[in-house]
Amino acid sequence: MKPLGWFGIIRLGLVQSAIGAIVMLATSLLNRVMVVEYMLPAALPAGLVAWHYAVQLSRPIWGHGSDRGRRRTPWIIFGMAILAAGTLLAVNALSLLAVRSFWGYALALLGFSLIGAGVGAAGTSLLALLATRVAPERRAAAASMTWTMMIAGIVVTAGVAGGLIDPFSLPRLAMVAGGVVTVAVLIAVAAVWGVEGKPASVRPEPAMPASSSAFGPALREMWGDPAARRFTVFVFLSMLAYSMQDLILEPFAGLLFDFTPGQSTKLSGVQHAAVLAGMILVGLGGGAFGGRSPGGLRIWTAGGCIASAVALVGLAIGARSGLGWPLTANIALLGFANGVFAVAAIGAMMGLASSDKGREGIRMGVWGASQAIAFGLGGLLGAVGVDAGRALTGSIPDAFTTVFAAEALLFFIAAGLALRPVQRAAIPIMARAA
């Protein structure tokens, strides 16, 4: 089957935008509404978001299902429908949560369960489709393009929803959420429709033993590949380090650098803009400077990890130095390095997944589950680490220094995994030529 052209890649990027737009409603907008407008404990939305990551441990099952059917499109559309239904349920739970009804908590839990399942089904199948249909020389650019479009979807939705939701009321929130969800689902369905092409012909039986078609044997077969197993560990460690600073950067800026809430919010904007710049660099420069080969992607990934570690060491030093430290520049470096490593790793993930024809889905599912666990734990460990450090040492600078140093160490270990040479008998750590 002919590899996807740029127009096809852009269409799949629109699906990623639609996923990001809906998830933004659940993890950002509803979080604020629960805590501010309805005076609910902050632990409630935090716990629901953590739960939606836990549900994404089902990603390997969704990926295996799309492998067995040899079709990704139905699973993407099915996942979008589940994601949309879960988001609307979570919004509708607010009226019950406002009066502290048990059924409100139950409905919110069900909604976020469906959100996690929908992201798992649609996201895993989309990545598997990209791995299957994108040519090796375009993987870095495709990863950059689709993830940039996802962030753009989040930004656009945040701006539109933020403009329409004021003055706030529950009916207005329900109307805005319903409109966003409907438009996102329609865009995703239109974008993915027909991109995949006709179903692949059934492979001869020797190429796919009957025992391997079941989920358990397929999972054991995938885990038996040393390169795939090592990449799973790499994803977990790097994404754990990536997410540990999510909840502590703005408090760090406020406590040690006297940033106002507005200034710390702008600092977060600097970080995210730098992430986008790093992603775009890999997309534009990856193909020209080594990104076309598995080894080249491995170097880009490791380089992004090392640069992230260096930036975190800088933050650890800044925690000791205080006001004289160039915090904004340091945060910009961290964001840029994070963007480089993340997109290069996703491109490498496509290559390694495509090296095992017919098993792209379960591989993407396992790596997606590893990422979900890391994201669910990362923010919590970072915040708890700072609190524990303050309690044990009585020093705020010491607490932040310890956490940032731990993150840097994780990134250095991840870089070592990315650069570790592999015997020719095994699949190269980041990718094998499709």
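A simple packing score, the average count of other Cβ atoms within 10 Å per residue, orders the peptides 74-80, 394-400 as 74-80, 394-400, with the highest score first. I need the fraction of alpha carbon pairs in the range 10-54 separated by more than 16 Å, rounded to a whole percent. It works out to 45 percent of all Cα pairs.
Think of the chain as a dipole: +1 on every Lys or Arg Cβ, -1 on every Asp or Glu Cβ, centred on the Cα centre; then among Ala135, Ala18, Ala274, Ala135 lies furthest on the positive end. The charge dipole of the chain, taken about its Cα centre with unit charges on the Cβ of Lys, Arg, Asp and Glu (plus for the first two, minus for the last two), comes to roughly 1360 debye.
Positive-end ranking of Ser355, Phe102, Gly416 along the dipole of the chain, with charges on Cβ about the Cα centre, is headed by Ser355.
Take the chain with all the other protein chains still there, run a 1.4 Å probe, and you get 41 Å² of accessible area per residue. Computed about its Cα centre, the charge dipole of the range 1-118 is approximately 500 debye, with only Lys, Arg, Asp and Glu carrying charge at their Cβ.
Which helices, taking whole DSSP H runs in the chain, have alpha carbons extending 30 angstrom or more along the helix axis plus mean Kyte-Doolittle at least -1.0? Kindly include the intermediate steps, with their values, before the conclusion.
Values: long enough: 102-133 (46 Å, 1.41); 139-164 (37 Å, 1.30); 170-192 (33 Å, 2.19); 261-285 (36 Å, 0.78); 294-321 (40 Å, 1.09); 327-354 (41 Å, 1.65); 360-393 (47 Å, 0.79); 396-419 (35 Å, 1.74).
Flagged H segments are 102-133, 139-164, 170-192, 261-285, 294-321, 327-354, 360-393, 396-419.
Here the Debye sum runs over all C-alpha atoms of the range 1-85 as equal scatterers in vacuum, and log10 of I(q)/I(0) at q = 0.12, 0.19, 0.20, 0.24 Å⁻¹ comes out as -0.51, -0.99, -1.05, -1.24. The Rg/Rh ratio for the chain is 0.97, where Rg is the radius of gyration of the alpha carbons and Rh is the Kirkwood radius.
Normalised by the number of residues in the range 1-149, the average gap of Cα pairs under 8 Å and 6 or more apart makes the relative contact order 37 percent. If you filter the range 139-197 for chymotrypsin sites (Phe, Trp or Tyr not before Pro), then keep DSSP loop positions with at most 13 other Cβ within 10 Å, what is left? When the chymotrypsin sites (Phe, Trp or Tyr not before Pro) of the range 139-197 are filtered for loop state and at most 13 Cβ neighbours within 10 Å, Phe168, Trp193 remain. Stokes-Einstein at 25 °C, 0.890 mPa s, Kirkwood radius from Cα pairs: D for the range 74-187 in µm² s⁻¹? Value of D from the Cα-based Kirkwood radius: 156 µm²/s. In units of the compact-protein estimate 2.2 N^0.38 Å, the range 65-132 shows a Cα radius of gyration of 1.36.
Within the P(r) computed for the range 14-145, what percentage of the Cα pairs occupies the region above 16 Å? In whole percent, the long-distance tail amounts to 63.
After finding the eigenvalues of the alpha carbon gyration tensor for the range 291-348, what semi-axes result from the square roots of 5 times each, listed largest first in whole Å?
Numbers: eigenvalues 156, 16, 8 Å².
Three semi-axes, in Å: 28, 9, 6.
Applying Stokes-Einstein at 20 °C and 1.002 mPa s to the Kirkwood radius of the range 46-98, computed over alpha-carbon pairs, gives a translational diffusion coefficient of 167 µm² s⁻¹. Between Ala369, Ala311, Trp62, the Cα set farthest toward the positive side of the dipole of the chain (charges on each charged residue's Cβ, about the Cα centre) is that of Trp62. Loop sites by DSSP among the trypsin sites (Lys or Arg not before Pro) of the chain, restricted to those with at most 10 other Cβ atoms within 10 angstrom, leave 101-423 as the longest stretch without any of them. Separation of the range 316-346 from the range 119-186 is 26 Å, based on Cα centroids.
Can you send over the carbon and sulfur percentage of the accessible area for the chain, probe radius 1.4 Å, protein chains only? Intermediate values should be presented prior to the final figure.
Details: 12620 of 17790 Å².
Exposed carbon and sulfur together represent 71 percent of the surface.
Per-residue ellipticity at 222 nm, computed for the chain from helices alone with -39500 (n - 2.57) per DSSP H run of at least four residues, works out to -26000 deg cm²/dmol. According to the calculation over all Cα-Cα pairs in the range 335-405, the P(r) per 5 Å bin from zero is 3, 14, 15, 16, 14, 12, 9, 7, 5, 3, 1 %.
The values are calculated or read from the model by the stated rules, or taken from the named source; none is laboratory data. These numbers were taken from a predicted model, which means no experiment stands behind them. So basically every Cβ, Gly included, is an ideal-geometry build from the backbone, and we count neighbours across all protein chains shown. All accessible areas refer to the heavy atoms of the entire protein, side chains included, with ligands and DNA or RNA removed. Shrake-Rupley method; radii C 1.70, N 1.55, O 1.52, S 1.80 Å.
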